[in-house]
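See below for the structure under consideration.
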Amino acid sequence: LLDAFPEFADLRTEPARMRILVKHALTMTMGTEWNEDLPYTDPQNGERQMEAAADRYRFVLDRPLVAAPGERRNYNGGATAVIAKLVSRGTGRPLLDFAQERLFAPLGITDVEWFTDRKGELKAASGLRLRPRDLAKIGQLVLQRGRWGEQEVIPGRWLQEATTAQAQTDRFRRYGYQWWLGGSPFGDAEMPWVAGFGLGGQRLFIVPELELVVVVTAGNYNNPE
């Protein structure tokens, strides 16, 4: 991962840190210290600290190592911020411009709000706002393995890998590349689902076997229940 951030050459002196891969950021298994279990009103919350840092990417990549990369998953909005920066650098374009051209426009999504930080960079870990029907379109795109009409918006092979379990989060849930995975009882079997979870009760569920997409929005923020 650090190969993509040559400006932080001083971080490359730690052999264990050099073993952090892009895949570990995608699966939130970087092995670095991060705590988003605290309320987002708490200044010790990892995402709050990232947003307050002089350089968010250095802050994320310089966190103390507490486990071997890939050993265990820990929810980390900083990992999402780093992935977003890789996309922007790889395309040579601002993230929102790229997302509008390659994702939102093909799906007919025009009503988008994406918050930025004080430097004008998108808050990739938490700042996107969509109408429920437009979030459902993204779920439908996943259900259709990346195709929208006659167009392949996202390569199907990538979605297959991204929605395959890469890490165990708890007894019931697993994690792919930025997607939650699990199963719910359905008759005598377990019905697998893919999901995106957002703070406050935002939910996107895709249930492939039922060809079902469910979107829930809510405002139940900062309530652990």
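Out of everything in the range 198-211 that is in contact with a Gly (Cβ under 9 Å, 6 or more places away or on another chain) and more than 16 Å from residue 128 (Cβ to Cβ), what residue ends up being most open to solvent (accessible area, probe 1.4 Å)?
Among those residues, the one meeting the criterion is 205.
Just to confirm my filter: which helices (runs of 4 or more DSSP H) fall fully inside the range 46-116 and include at least 1 residues that are more than 19 Å from residue 129 (Cβ to Cβ)?
46-52, 56-61, 77-91
Please find, within the range 86-111, the residue that is least open to solvent (accessible area, probe 1.4 Å) out of those that are over 16 Å from the mean Cα position of the chain (by Cα) and hydroxyl-bearing (Ser, Thr, Tyr).
Only one residue tops the list, namely 91.
Among the basic types (Lys, Arg), open to solvent by 40 Å² or more (accessible area, probe 1.4 Å) and in contact (Cβ under 8 Å) with a residue 60 or more places away in the chain: does that describe residue 72?
Yes: the conditions hold for residue 72.
Pairs needed: first member in the range 112-139, open to solvent by 50 Å² or more (accessible area, probe 1.4 Å) and modelled with pLDDT of 95 or more; second member anywhere, polar (S, T, N, Q) and assigned to a loop (DSSP other than H, G, I, E, B); C-beta distance under 6 Å; at least 6 residues apart or different chains.
Every condition considered, the pairs that remain are 132/217.
Please work out if residue 218 is touching a strand residue (DSSP E or B) at 6+ places or on another chain (Cβ under 7 Å), assigned to a loop (DSSP other than H, G, I, E, B) and either touching a residue at least 60 places away in the same chain (Cβ under 8 Å) or open to solvent by 40 Å² or more (accessible area, probe 1.4 Å) (or both).
Yes.
Please go through (1) under 24 Å from residue 194 (Cα atoms); (2) open to solvent by less than 40 Å² (accessible area, probe 1.4 Å); (3) in contact with a Gly (Cβ under 6 Å, 6 or more places away or on another chain) for residue 82 and return the number of the only condition it doesn't satisfy.
(3)
The values are calculated or read from the model by the stated rules, or taken from the named source; none is laboratory data. From a predicted model like this one, the values you see are computed outputs, not experimental measurements. Neighbour counts are summed over all protein chains in view; Cβ atoms, including those assigned to glycine, are modelled from backbone coordinates with ideal geometry. The accessibility values were calculated without ligands, DNA or RNA, using every heavy atom of the protein model including side chains. Shrake-Rupley method; radii C 1.70, N 1.55, O 1.52, S 1.80 Å.
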